[in-house]
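The values are calculated or read from the model by the stated rules, or taken from the named source; none is laboratory data. Because the structure is predicted, anything quoted here is derived from the model rather than measured. When we count neighbours, we look across all protein chains shown, and the Cβ atoms used for this are built from the backbone with ideal geometry, even at glycine.
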Amino acid sequence: MTCPPMCLTCRFFQPYAHAGQAKPHHCALVDAPFGHTHIRLHCPEQQQDVSLTIWPVSDDPDSDAPGGDTFTG
């Protein structure tokens, strides 16, 4: 499954960096705050935040995937 290039998965997205403000989120690429209505669902500048990668889960003891409900991210 491929995720579209969106703010929520971008390495530049800083959620609630300005908590309590009208524009609570921050984009480090353009160094600007933005609000919920400006979250992009398709951003050509998006760069995937690899720390958000979720690996496949498996209960198979011979699998390289984590077991049970474990994920990395």
For region 1-51, give me the residue count where each residue is in contact with a His (Cβ under 8 Å, 6 or more places away or on another chain) and among the β-branched types (Val, Ile, Thr).
1
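Take Ala28 and tell me if it is touching a Phe, Trp or Tyr at 6+ places or on another chain (Cβ under 9 Å) and at pLDDT 90 or above.
Here the answer is yes, as Ala28 does meet what is asked.
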Counting only residues that are at pLDDT below 90 and in a loop (DSSP other than H, G, I, E, B), region 8-25 contains a total of 2
